[in-house]
C-alpha cells in the first residue's frame, strides 16, 4: 500500500487516509478489536485508538462502525 487513499466525501471535501489508517480501518471492518489490530500491526493499542480517533474525525463519524460505513459508501474501503 503506497501513498494516501483519497476520495471526495458527500460534502465534496477531499478525504485522505494514510496507508496505516487504511490498514487499521480494514481491521475494524473485519471485526478486529483495537487490541487485535495493535497486535497484528505490532503497535500499542493506544496508538490504534489515536489513529481511530483521527479516522473518525476525517470521516465525520461518531463511532468506528460509522467510520467503516462511511468509508464503504465513499468507495475507498472494500470488503473482500
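Just so you know, all these numbers are worked out from the coordinates, no wet-lab data involved. Only a predicted model underlies this, so the values are computations on that prediction, with no experimental measurement involved. Cβ coordinates were reconstructed from backbone atoms using ideal geometry, including for glycine residues, and neighbour counts include every protein chain displayed.
Could you run the Debye sum over the Cα atoms of the stretch 5-74, one equal point scatterer each and no solvent, and tell me log10 of I(q)/I(0) at q = 0.23 Å⁻¹, two decimals?
Log10 of I(q)/I(0), two decimals: -0.96.
In nm, what is the difference between 0.36 nm times the number of residues separating residue 49 and residue 69 and their Cα-Cα distance?
Residue separation times 0.36 nm, minus the Cα-Cα distance, leaves 5.4 nm.
Give the order of 37, 50 when sorted by the count of other beta carbons within 10 angstrom, beginning with the fewest.
With the fewest neighbours first, 37, 50 line up as 50, 37.
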